[in-house]
Amino acid sequence: MSESAPDPRLQPLINGLRPGRMRRVKVVGFEGPDVLVSLVDAEEADSETGRIPRHEASIRRVEHPSEIFEVGQEIDAEEIGRWGDGRLCLSARACENPALRSFLLSIEPGQIVTGTVSEVVDFGVFVHVDGEPDGLCTGFIRVPDLTWSWVGHPSECVEAGLRITAEVIVSETRSGQVVLSLKALQQRGADGH
């Protein structure tokens, strides 16, 4: 039911939000606020040093990653690309909660899901997606994805406790969020807006 394929200019952004390959890495040190790691799952000759930027170290807020990681510790991290100096960048936060990661990987763009509205705020709607791990709220609907009509506030469309059916825009392991669209399942108005 969704509208046409996404704008090709957005494809690099969409690809950047999709989960990368999970790697086993070993913490080898810290460089400023970043964690330096070596790939444990690579062939010895292919082993390289990668970087986990501070904002990708954990879902929890910490002053410095040394509060949660020790040199020599092995962890799982998701590849997020090569930046700047060509060094492999990874996200430990994407692998921090295995149940959450498994749930997020099971959801594909375009998939139809159901859930319950948890909270309505100025900038969108939080949704408990059916099947998500207990204690988490993974769904989010941005204001422009609520309806084809203009709304002054999301509360004009939904309220807490409402059961909804929505289309998945993207499932993000790094943010732990499923971005949803109610609009994608609605008919456009007769005037085309």
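Starting from residues that are open to solvent by 10 Å² or more (accessible area, probe 1.4 Å) and in contact with a strand residue (DSSP E or B) (Cβ under 7 Å, 6 or more places away or on another chain), keep the ones in segment 74-84 and report whichever is nearest to Val28 (Cα to Cα).
Residue satisfying both the conditions and the ranking: Glu74.
So, in segment 145-173, how many residues would count as being in contact with a strand residue (DSSP E or B) (Cβ under 9 Å, 6 or more places away or on another chain), within 14 Å of Asp122 (Cβ to Cβ) and open to solvent by 30 Å² or more (accessible area, probe 1.4 Å)?
3
Inspect all residues belonging to segment 117-124 and state whether any of them is at pLDDT below 90, touching an Asp or Glu at 6+ places or on another chain (Cβ under 9 Å) and not acidic (Asp, Glu).
no
Under 18 Å from the mean Cα position of the chain (by Cα) and over 27 Å from Arg61 (Cα atoms): which single residue out of Val179, Val168, Val125 fits that description?
Checking each option against the conditions leaves just Val168.
Residue under question is Gly176, and the condition is that it be in contact with a strand residue (DSSP E or B) (Cβ under 6 Å, 6 or more places away or on another chain), surrounded by 19 or more Cβ atoms within 10 Å (Cβ to Cβ) and not polar (S, T, N, Q); does it hold?
No.
Based on this model, can you work out whether Arg87 counts as within 14 Å of Met22 (Cβ to Cβ) and either open to solvent by less than 70 Å² (accessible area, probe 1.4 Å) or of a type in the set (Ser, Thr, Tyr) (or both)?
Against the criterion (within 14 Å of Met22 (Cβ to Cβ) and either open to solvent by less than 70 Å² (accessible area, probe 1.4 Å) or of a type in the set (Ser, Thr, Tyr) (or both)), Arg87 does not qualify.
Which residues, taken from segment 69-100, are farther than 16 Å from Gly176 by Cβ and either among the charged types (D, E, K, R) or part of a loop (DSSP other than H, G, I, E, B) (or both)?
Those that are farther than 16 Å from Gly176 by Cβ and either among the charged types (D, E, K, R) or part of a loop (DSSP other than H, G, I, E, B) (or both): Phe69, Glu70, Val71, Gly72, Gln73, Glu74, Glu79, Arg82, Gly84, Asp85, Gly86, Arg87.
Could you please find all residues in segment 131-145 being out of contact with any helix residue (DSSP H, G or I) (no Cβ under 8 Å at 6 or more places or on another chain), under 16 Å from Thr114 (Cβ atoms) and either of a type in the set (Lys, Arg) or part of a loop (DSSP other than H, G, I, E, B) (or both)?
Cys137
Could you tell me which residue of segment 89-114 is nearest to Gly161 (Cα to Cα), considering only residues that are without any contact (Cβ under 8 Å) to a residue 60 or more places away in the chain and either touching a Gly at 6+ places or on another chain (Cβ under 7 Å) or of a type in the set (Asp, Glu) (or both)?
Restricting to residues being without any contact (Cβ under 8 Å) to a residue 60 or more places away in the chain and either touching a Gly at 6+ places or on another chain (Cβ under 7 Å) or of a type in the set (Asp, Glu) (or both), the top hit is Phe103.
Restricting to segment 146-181, count the residues that are of a type in the set (Asp, Glu), touching a helix residue (DSSP H, G or I) at 6+ places or on another chain (Cβ under 9 Å) and either modelled with pLDDT under 95 or in a loop (DSSP other than H, G, I, E, B) (or both).
Adding up the residues that qualify gives 1.
Return the total of residues in segment 45-68 being touching a Cys at 6+ places or on another chain (Cβ under 9 Å) and either without any contact (Cβ under 8 Å) to a residue 12 or more places away in the chain or in a strand (DSSP E or B) (or both).
3
The values are calculated or read from the model by the stated rules, or taken from the named source; none is laboratory data. Bear in mind that the values here come from a model prediction, so they are computed numbers and not experimental data. So basically every Cβ, Gly included, is an ideal-geometry build from the backbone, and we count neighbours across all protein chains shown. The area values use the complete protein model at the heavy-atom level, side chains included, leaving out ligands, DNA and RNA. Shrake-Rupley method; radii C 1.70, N 1.55, O 1.52, S 1.80 Å.
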